[in-house]
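Below is one structure, written out as structure tokens, with a few remarks after it.
A short reminder: the numbers here are calculations on the coordinates, not readings from a lab. Worth saying up front: this structure is predicted, and the values here are computed from it rather than measured. Virtual Cβ from ideal backbone geometry, glycine too; neighbours counted across all protein chains shown.
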Amino acid sequence: MTKRSFGVTMLAFTTIMVALYSQYAAISLIVTGSVFLPSGEIAAMFTTIVGAVFVGLTSAAYVVGVALWMRRPWSWAWAMGIYLTFFVANAFLSVLVGNFASAILPTVGVAAAVVFLNRPAVRAELRSTNAPATVAVPAPMADRGKAPEPAH
């Protein structure tokens, strides 16, 4: 078995961190969703829906984090989906909270993770393919001291 690269290790770790963040957000939104019930059903419904998205994101991110650690071939595509879903869910969370500055750091983290996922070496390692092809260098001539013979 080959050694796991630092990039794949960090992606697995950050995906587990996304799962923990999503778990906290889900619990917070579902518990506070009932607070909005007396003031308006739309706010409560929207809060509960975003909380449910975070519940699904939590379970999926735990599975994908472990799959990245184990370098499963399907984990690359699922990780891309996890990070993009996390970006959208976090944008909705910032709208619910009313604090748009809270979305800056997760957005930077998602952008870094997507860039890291698209690095050729990381993509090749996760998709179980060989490293990207390099420029081939021609083999040296067998005998440089010998002049070529004329073709008749």
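Side notes on the structure shown:
- Rounded FRET efficiency, nearest 0.05, which uses the C-beta distance separating Leu20 from Trp74 and R0 of 22 Å: 0.50
- Each of the peptides 93-105, 8-20 was scored by the mean count of other Cβ atoms within 10 Å over its residues; in descending order, highest first, they stand as 8-20, 93-105.
- Short-range pairs are left out: with C-alpha atoms under 8 Å and at least six residues apart, the relative contact order of region 6-126 is 30 percent.
- Residues listed by number, region 98-124, amide nitrogen under 20 Å from Ser28 label point at 7 Å toward C-beta: 98-111
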